[in-house]
Amino acid sequence: MVLQDLGRRINAAVSDLTRSSNLDEKAFDGMIKEICSALLEADVNVRLVGVLRKSIKSSVNFKELAPNVNKKRLIQKAVFDELVKLVDPHPHTKPFNPKKGKPSVIMMVGLQGAGKTTTCTKLARHYQSRGFKACLVCADTFRAGAFDQLKQNATKAKIPYYGSLTQTDPAVVAKEGVEKFKKEKFEIIIVDTSGRHRQEDALFQEMVDIQTAVKPDQTIMVLDASIGQQAEAQSKAFYDTAAFGAIIITKTDGHASGGGAISAVAATGTPIVFIGTGEHILDLERFAPEKFVQKLLG
Ligand code: GDP
């Protein structure tokens, strides 16, 4: 199911109820059930759906409603608020805010194919267009061609980059790149890392080594919107190792339901900061939970 379909289905469930002449508790329960089925089919974690079900249910208490209360409004608001909570479980966690005139190192982690390298360039351009001096460091020495890909993207976007075709230790390359750019007074230094290894342990060890070498101000996990039920376990494993502080969900323009990726947010308690909306460098949007849910519901 595509993300838009999920929105349409939830919207339809709410509209059917609020338009019906028989707006009683039974009909309300039916709406909640339909919303929960839609979320489950979109791969939202079953435990989260359970929490949402209870919260919506308890936010409208039919027995104690004053006669003049606008039930439709109340129900619409309850559904909206719970969906916002679902995509933003920690509204008090402030997203990372880089400052001008000071170097900020951002390290990107995530599985190969998630869209890391593409997102690194998008993010560098995002900050560049806001007046920051931004650059890229390729610390993926595992995949042949990784540096070339970053170089190509960076050149196209006119963003300075650093990498090595001969150095095989990614932590060394990362450190060299970050030190060089710090000396040159860059303000946003984005470090791209490998997303694959012969063994998962080696990948995780490498993340720790790079983190130790460059001491990032923010580590961001890049997640493909099409990741399904395995999102929770995977993001937890990454979180336990790299303790990332933010998530970027890519490919929200595709045919993915997005529910798995959304569940990763709750599993790790970290906010989504941006979403990828296409392959082009400009296809990156700042994530705003309310706006996202508004758009989802059409
Ligand atoms: P990496 O292995 O994690 O570095 O992934 P890449 O950056 O190489 O991206 C893998 C593929 O996903 C490429 O074909 C990208 O163009 C594509 N991609 C990345 N982000 C998006 C997005 O937001 N939307 C779409 N449609 N494609 C994306």
Evaluated over the range 140-294, the Cα radius of gyration and Dmax, each in Å: 16.1, 49
Please work out the Kirkwood hydrodynamic radius for the range 36-152, using every pair of different C-alpha atoms, and report it in angstroms with one decimal place. 18.8 Å
One computes Rg over Rh for the range 169-223 from alpha-carbon atoms, with the Kirkwood Rh, and obtains 0.99
Using alpha carbon coordinates only, what is the Rg to Rh ratio of the range 226-298, with Rh defined as the Kirkwood radius? 0.96
The local net charge around ASP24, scoring Lys/Arg +1 and Asp/Glu -1 for residues other than ASP24 whose Cβ lies under 15 Å from its Cβ, equals +3
Starting from one equal scatterer on each C-alpha and no solvent at all, send me the Debye-based log10 I(q)/I(0) for the chain at q = 0.15 Å⁻¹, two decimals. -1.07
Over the alpha-carbon set of the range 194-245, work out the extent along each principal axis and list the three values in angstrom, largest first. 33, 26, 16
Greater than 23 Å separation of Cα atoms is the criterion. Which listed pairs, LYS85/LYS236; LYS100/LYS183; LYS175/LYS236, meet it? LYS175/LYS236
How many angstrom separate the Cα center of the range 213-253 from the Cα center of the range 81-139? 11 Å
Within a Gaussian network of the chain (alpha carbon springs, distance under 10 Å), most fluctuating of ALA288, ALA66, ALA171: ALA66
Can you tell me which of PHE62, PHE132, PHE274 moves the most in a GNM of the chain? Springs connect C-alpha atoms under 10 Å apart. PHE62
So what is the relative contact order of the chain, in percent, for Cα pairs below 8 Å that sit 6 or more residues apart? 25 percent
For the range 53-102, which semi-axes, largest first and in whole Å, follow from the square roots of 5 times the eigenvalues of its Cα gyration tensor? 36, 12, 8
Over all viewing directions the Cα convex hull of the range 1-94 casts an average projected area in nm² of 6.8 nm²
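Every read-out reported here was derived from the displayed coordinates using simple, explicitly stated rules and does not represent laboratory data. Not measured: the values here are computed from a predicted model. FYI the Cβ positions are ideal-geometry reconstructions off the backbone, even for glycines, and counts take in every protein chain you see.
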